[in-house]
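Working notes, structure below.
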Amino acid sequence: MERIRKYGDKVLRRKSKEVKDIDEKVQKIIKDMKEVLFRAKGIGLAAPQIGILKRIFLAIHPDNKNLIVVINPVIVEKSGKEIDMEGCLSFPGVYFSIPRAKKVVISGINEKGKEIEIEGDGLLARCFQHEIDHLNGVLIIDYATEEEKKLWKEKLQQIKRNGS
Ligand code: CO
């Protein structure tokens with residue numbers, strides 16, 4: 001079972017590469033990611049969070065709980081703005097207040113290689129933007145104010161030290 005890479009792990013800061021072929025290796029990565037996401041009871045997971053620098057993320061639809069798999073995601077439309085608390089499986093127990101577009105449309109390919117376009121609103125839009133950030137090495141702490149970082153200082157140091 002793959003483990004979740006936590007804040008402080010340098011792999012989370014690297015930029016992921018486009019997926020060229022959806023081959024057996026990619027299918028295996030997606031399978032591993034599903035297991036990790038379900039076990040962690042998360043709502044989203046990006047491949048770098050299990051140490052794989054490929055542009056793949058998973059999200060659970062907040063309404064119907066369907067699993068969404070997106071390969072090579074691109075944000076094609078953004079609108080509105082909403083500030084909300086946001087967590088991350090790589091920052092267990094830490095939450096930052098982060099502004100995001102309220103609505104986004106993303107395009108990409110699914111695990112069968114089919115081109116897809118998905119509209120997300122609210123929590124799902126937030127999740128899409130968060131996971132795409134991961135593929136570019138961007139983390140929730142990058143949006144935090146100095147005050148917030150100070151508030152979470154000990155917890156952040158603890159994650160860096162023990163990964164929990
Ligand atoms: Co995250």
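Since only 58, 124, 29 are under comparison, the one whose Cα sits farthest along the positive direction of the charge dipole of the chain, derived from C-beta charges on Lys, Arg, Asp and Glu, is 29. Rounded to the nearest 500, the helix-only mean residue ellipticity at 222 nm of the chain stands at -8500 deg cm²/dmol, with each DSSP H run of n ≥ 4 adding -39,500 (n - 2.57). 3J(HN,Hα) along region 39-48: 4, 7, 6, x, 10, x, 8, 10, 3, x Hz, from the Karplus curve 6.51 cos²θ - 1.76 cosθ + 1.60 with θ = phi - 60°, whole Hz, x for Gly and Pro.
Report, in debye and to the nearest 20, how large the dipole of region 11-105 comes out about its Cα centre when Lys and Arg carry +1 and Asp and Glu carry -1 on their Cβ. Don't jump to the answer; show the numbers that get you there.
Values: 19 positive and 11 negative charges, 47 e Å.
Roughly 220 debye for region 11-105.
Computed from point charges on the beta carbon alone (+1 for Lys and Arg, -1 for Asp and Glu), the dipole magnitude for the chain about its Cα centre is near 660 Debye. Extension gain, residue 75-residue 119: 0.36 nm per intervening residue step, less the Cα-Cα distance, totals 14.9 nm.
Just subtract the alpha-carbon distance of residue 160 and residue 65 from 0.36 nm times their residue separation and send over the number in nm, one decimal. List each step's numbers first, then the result.
Values: separation 95, 0.36 × 95 = 34.20 nm, distance 3.14 nm.
So the chain would gain 31.1 nm between residue 160 and residue 65.
Under the simplified labelling scheme, the residue 14-residue 153 pair shows an inter-label distance of 3.2 nm, with each label point 7 Å from Cα along Cα→Cβ.
Remark: the chain carries 55 Å² of accessible area per residue (probe radius 1.4 Å; ligands, DNA and RNA excluded).
Determine the share of the chain's accessible area contributed by carbon and sulfur atoms, expressed in whole percent, with a 1.4 angstrom probe. Before the final figure, lay out the partial values.
On the way: 4410 of 9060 Å².
Reported share for carbon and sulfur atoms: 49 percent.
Each peptide among 99-105, 77-83 gets the average number of other Cβ atoms lying within 10 Å of its residues, and from highest to lowest they stand as 99-105, 77-83.
Applying a 10 Å radius around every beta-carbon, put 107-117, 37-47 in order of their mean neighbour count, most first.
For the peptides 107-117, 37-47, the packing ranking is 37-47, 107-117.
Using the Cα gyration tensor of region 54-148, with a ≥ b ≥ c the square roots of its eigenvalues, what is the shape: rounded (a/c below 1.5), prolate (a/b larger than b/c) or oblate (neither)? Because a/c hits 1.5 or more and a/b exceeds b/c, region 54-148 counts as prolate.
Gain on full extension, evaluated as 0.36 nm per residue between residue 23 and residue 35 minus their Cα-Cα distance, stands at 2.4 nm. Which whole-Hz ³J(HN,Hα) couplings does region 110-124 yield from phi under the Karplus relation 6.51 cos²θ - 1.76 cosθ + 1.60, θ = phi - 60°, glycine and proline marked x? Whole-Hz 3J(HN,Hα) from phi for region 110-124: 8, 5, 8, x, 8, 5, 10, 9, 10, 9, x, 10, x, 4, 5.
The values are calculated or read from the model by the stated rules, or taken from the named source; none is laboratory data. Keep in mind it's a predicted model, so treat the numbers as computed, not measured. Glycine gets a Cβ as well: all are built from the backbone with ideal geometry, and neighbour counts include every protein chain shown. Accessible surface is based on the protein model in full, side chains and every heavy atom, while ligands, DNA and RNA are left aside. Shrake-Rupley method; radii C 1.70, N 1.55, O 1.52, S 1.80 Å.
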